[in-house]
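Where a number appears in this text, it was derived from the coordinates with a stated rule and is not lab data. Computed from a predicted structure; not experimentally measured. Every residue, glycine among them, receives a Cβ derived from its backbone with ideal geometry; neighbour counts consider all protein chains shown.
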Amino acid sequence: MQRLLLKSTLFVAACTLFCGADWLHFRGSDNRSVATDALPVAIAKDESGNDQNVAWKAALPGRGVSSPIVVGGKAIVTSTSGYNQDRLHVVAVDAKTGETAWERQFWATGRTACHPTSSVAAPSPSSDGKHIFAFFSSNDLACLDLDGNLLWYRGLTHDFPTAANDVGMSASPLVMGDTVIVQVENKGNSFAAGLDTKTGETRWRQQRKADMNWTSPAVLRGKTRADDLVLLQSSDRLSAHNPHTGEQVWSYEVGCSSIPSPVAEDDKIYVVSKGLTALRYQPDAKAAEVLWSENALGPSNASPIVHQGRVYTLNGSGVLLCGDAATGEVKWKLRLKGPYWATPVVAGNHLYAFNQAGLAQVVRLGDKEGELIATGNFGEPIFGTPAIADGALYVRTDGQLWKIAAP
Amino acid sequence: MRSIDQTSRLRSFALGFVSAASYGVLLSTGTTARAANVADQVAALKAVGPEGAGNTKAKEAWQQLSQANAQALPLILAGLDDANPLAANWLRASVDTIAERELRKGAKLPAAELEKFTLDTKHEPRARRLAFEWLCRADQTAADRLIPKMLNDPSVEFRRDAVARLLIEAEQLDSDKKPEAADVYRRALGGARDLDQVQEIVKKLEGHGQTVDVPSHFGYLMEWKLIGPFDNTGEAGFDVVSPPETELKFTAEYPGKSGPVKWIDHATDDIYGKVDLNKAITKANGVTAYATTEFTAAEARPIELRMATVDAIKVWLNGELISANNVYHAGDKMDQYIAHGHLKQGKNVILVKILQNEQKEEWAQDWEFKLRVCDATGTAVLSKNRPATKPKAAADKKDQAAK
C-alpha cells in the first residue's frame, strides 16, 4: 500500500512539474482560482458586438453549469440533455482547434431533478493528468482516459438509493494521489467517500450530516504530497481528512455556508463561516487555530480567493471585497454588476469576474483599490468558474465553450 | 454474477446474429470466433454490479470490445436488453466509441441492421434509441421515415419526437384557421407522456373548446381515505408503526398527536392529484398522516406507482412496502419517486404514509403528495372502478405547474 502511495505521490509531483499548465479541478489545480498566466483584458464581445481575443467557440450539447478543466491539450466539459436531463455528456475539445476530440454519453442511474437555475451537469470534472473523473448531480461517476476510453463507472445513488437532492447536487470531485474524493451530502444517505482511481472501488466512506450541501472538497497542501489533506465543508463543520484513508485529522465545528467552498494557501484556510473565517493548521496539530473572522467579507455564492496576501470575495450585492489575508481587515470595495454564481479567477494581477448574465468584468487588483479596467459580454448565462491554461481562458457559457487568448 | 447459462445464451444469440446478419455470405471461422468474443465481452460488461464490483474485468473486456468493427454494433446493442443500469453505460460507451471511430475513418455503419434493431420493439427502448441516433448519422432520411410512425412507441423518447412533429402540423393547421387542427392535437395527446407536451396540447384543445381529463390521462389517484395527525416530533415518526400500518378499519378511532383521530373521505380536485393535508386534515408541523385507496385492476400486471412530495413518504401496495424516502423539503418534481409493484386482478390496496417535519421556513410548510399509477412509459393504468373526474379537475384552465 505504501509503495502504491509513493508511486501516486511521485506521479502527482511529476504532473505538477510537467503538466503545470493544466487546470485539473474545479477552481484549478490547487482549488485556488489563481494562475500566473498573462491573459488579455479585452475579452468576449465589446460594446459593438465584436469578438475580442476569441480563439474559438465550441458548441456544447445540452445544458450545464459545470466548469471546464484543461488537461493534456484538451478542454473537458460535462453537460446533460433529454427531457429529464438524464443523458450525461462528457466532451473533450481540442484546445488548439476547438474541434470535438471525442464525446461520450451515459444514462443517469440516479435522480435528475434539480432547480431550474442548476443542471445535472453541475459538478465539474477532475483529473490526475492521466484520467478524467466526470461526476454528475445524479451521482454518476465515470472514469475515462484522455482518449475517452471508459475505465470504470460508479452509480452512487444506484448503490445508495436515498443519496439524492432534488434541488440538485453540485459538489465537484477532487483527485488526490490515487483517490478520487466525492462529497454526496443531502437529506437522504449523506456521505463523503474516497474511491480508488484505478478501479473505482470504495476506499472509504463516511457519513456526513444529513443536510443539503453544495460545497466541493478542497486541498490543503502539506510539506509533501503525502501530507496533503482534503478539506470537507458541511453546514455544521469544516473537517480535514487523510485523502487516502478518510481518517479525520481535525475538525472545526461551526456553522458554515453550504454553497461557497473553502480555499487554502500554505497553512491558512479560509472558510465561509461568520462572514469569512481564517484558520491556520500546523502539521501534526490536533486542531486548526482561528486567526480571524470578518462578517463584512462574507461572500454570496462564489467561493473566496486568496492571492498575494489579500483575500477576495463577491457579496450578494455584487460588490467585490478585498481583505487583508493576515488580519481580515477590509482594504477596499468595488461595486460590480452581479449577481454571481461563478467564482472569479485571478491571472497575474487581474481578477476576472463573470456574472450570471454573461458579463465579464476585469479588475486590476491594487493595494489600496481595485479598478474596473474592461468588460466583455459573452451574451449567454455563465454559472461555472472558468479555467486558465497555457495563457488562455476557457469560459463555459450556457451552450458554448469559449477559448480566450491573445492571437 | 454471470451464470454459465447466461453466457451460453448470449454466445448462441451472437452466432445466430452473425448468421442472420451475413445474408448468405459464407461465414469464415474467424467471423464466428469474433462474434463469440464479442458475446463474451458483452457478458463481462453485464456482470458489473454495485460498489464497483466487476469493474476490473469490465475494463479489460471494454478495451477489447471497443476495438470491434461496426458490424458488432447490433450485437452489443442487444446486450442492453437485460443489462443493469451500470452495465448499460459500459455497453453504451462501447457502441459510441466504435461508431464514432468507424465514421471518422470513413467506414459505413450497418444502416439496415440498425434500422431493423430500431424498429424491433422487443428490444430495450434506450437501446433502440441509441441504434436510431447512430442510424441517423448513416442515413439522413431515417428520422423523417420512422418517427411519424412512433406515436405509441414503447420508447418515450420516440413518442416525444412523434408528438413534436404532430404539434408542428397542428400549429400550421391552426394558423390556416383549419378546424382539423383539433383532431391532430387529440392524436398528439394520445401519444404524449411528458408534462410539458401534455400541458401545451391541453391549452390548444381548450382553445378549440375541448376539455381534457388530465388526471385520467396521467393516472392520478383522486379519491382517498385520510387519517391523522399522528406524531412526528423530531422526525421520529418514519419508523413508528401507527395503527393504519397494521389494520385498515375505517370505523376505528385512534389516539393522534393532539387528540383522537378518525378516517375521513377526501377527493382532490387538483388536476395533478395533489392531496393537500394542510387543508384536508389540519395545518400542523411534526405530524404524520395516512392515506389509503382501493384500486380495481382488470388484470394482474406490473405497474409503477409514481409520486411527488416535499415530505417524507412510505408507500405500501397490498401490504408490501414498495417505497420509502425519509427526505423533507428537497423538491417535488413530477414522478420524483418511482416505485415498482405488481397489481393482482381485482381489488388492490394502496397505503401512503406522509410525514411533515418541524421546519419553520415559509417554503417548508407544504404537507401534501401526488400519486399516479402507470406503466413504464408513463401511460396511465386506470382502476376499473375509477370515479368520474370532477368537472373542476377535468376543465381547470389554470396552468397549475406540477413542479
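Has the stretch A:213-234 got at least one residue that is within 14 Å of chain B (Cβ to nearest Cβ), among the polar types (S, T, N, Q) and touching a strand residue (DSSP E or B) at 6+ places or on another chain (Cβ under 9 Å)? So that I can check it myself, show each step before the final result.
Here is the first cut: in the stretch A:213-234, the ones within 14 Å of chain B (Cβ to nearest Cβ) are A:213-214.
Checking the rest, the ones that are also among the polar types (S, T, N, Q) come to A:213.
Restricting the remaining residues to those that are touching a strand residue (DSSP E or B) at 6+ places or on another chain (Cβ under 9 Å) gives A:213.
Yes, there is a match, as at least one residue in the stretch A:213-234 is within 14 Å of chain B (Cβ to nearest Cβ), among the polar types (S, T, N, Q) and touching a strand residue (DSSP E or B) at 6+ places or on another chain (Cβ under 9 Å).
Can you tell me which condition B:Asp239 does not meet? The list is (1) more than 19 Å from B:Gly319 (Cβ to Cβ); (2) of a type in the set (Asp, Glu); (3) surrounded by fewer than 19 Cβ atoms within 10 Å (Cβ to Cβ), and all the others hold.
(1)
Take residues that are within 14 Å of chain A (Cβ to nearest Cβ) and tell me which of the helices (runs of 4 or more DSSP H) falling wholly in the stretch B:134-210 contain 3 or more.
Details: elements: B:142-146, B:156-175, B:181-191, B:195-207.
The qualifying helices (runs of 4 or more DSSP H) are B:156-175, B:195-207.
Please verify whether the stretch B:323-332 includes one or more residues that are part of a strand (DSSP E or B) and away from chain A (no Cβ under 12 Å). It would help to see each step written out before you state the result.
Step one: list which residues in the stretch B:323-332 are part of a strand (DSSP E or B), which gives B:323-325.
If we keep only those that are away from chain A (no Cβ under 12 Å) as well, we get none.
No: zero hits.
Output the residue which, of all residues in the stretch A:386-407 that are in a loop (DSSP other than H, G, I, E, B) and in contact with a Phe, Trp or Tyr (Cβ under 7 Å, 6 or more places away or on another chain), is surrounded by the fewest Cβ atoms within 10 Å (Cβ to Cβ).
Narrowing the stretch A:386-407 to residues in a loop (DSSP other than H, G, I, E, B): A:386, A:390-391, A:397-399, A:405-407.
Keeping just the survivors that are in contact with a Phe, Trp or Tyr (Cβ under 7 Å, 6 or more places away or on another chain) gives A:386, A:397.
Details: A:Pro386: 28, A:Thr397: 21.
Checking each candidate, the answer is A:Thr397.
Among the residues of the stretch A:314-333, which ones are assigned to a strand (DSSP E or B) and of a type in the set (Val, Ile, Thr)?
At the first step, the residues of the stretch A:314-333 found to be assigned to a strand (DSSP E or B) are A:314, A:319-324, A:330-333.
Listed by number, the residues that qualify are A:Val319, A:Val330.
Consider B:Thr118 carefully, then state whether it is closer than 21 Å to A:Val91 by Cβ, of a type in the set (Ser, Thr, Tyr) and in a helix (DSSP H, G or I). Please lay out each step first, then the result.
Working: closer than 21 Å to A:Val91 by Cβ: no; of a type in the set (Ser, Thr, Tyr): yes; in a helix (DSSP H, G or I): yes.
No; evaluated as a whole, the condition is false for this residue.
Tell me yes or no: at least one residue of the stretch A:198-206 is within 14 Å of chain B (Cβ to nearest Cβ), out of contact with any Asp or Glu (no Cβ under 6 Å at 6 or more places or on another chain) and buried (at least 21 other Cβ atoms within 10 Å of the Cβ).
Checked against the condition, which is being within 14 Å of chain B (Cβ to nearest Cβ), out of contact with any Asp or Glu (no Cβ under 6 Å at 6 or more places or on another chain) and buried (at least 21 other Cβ atoms within 10 Å of the Cβ), the stretch A:198-206 yields at least one hit.
Check B:Phe132 against each of (1) crowded, with 20+ Cβ neighbours inside 10 Å; (2) free of Cβ contacts under 8 Å to residues at least 12 places away in the same chain and name the one condition it does not meet.
B:Phe132 satisfies every listed condition except (2).
State which residue is farthest from B:Ser216 (Cα to Cα) when the search covers only the stretch B:239-256 and only residues that are in a loop (DSSP other than H, G, I, E, B) and in contact with a Ser or Thr (Cβ under 8 Å, 6 or more places away or on another chain).
B:Val240
Mind counting the residues in the stretch B:88-115 that are surrounded by fewer than 20 Cβ atoms within 10 Å (Cβ to Cβ) and part of a helix (DSSP H, G or I)?
Summing the residues that are surrounded by fewer than 20 Cβ atoms within 10 Å (Cβ to Cβ) and part of a helix (DSSP H, G or I) in the stretch B:88-115 gives 7.
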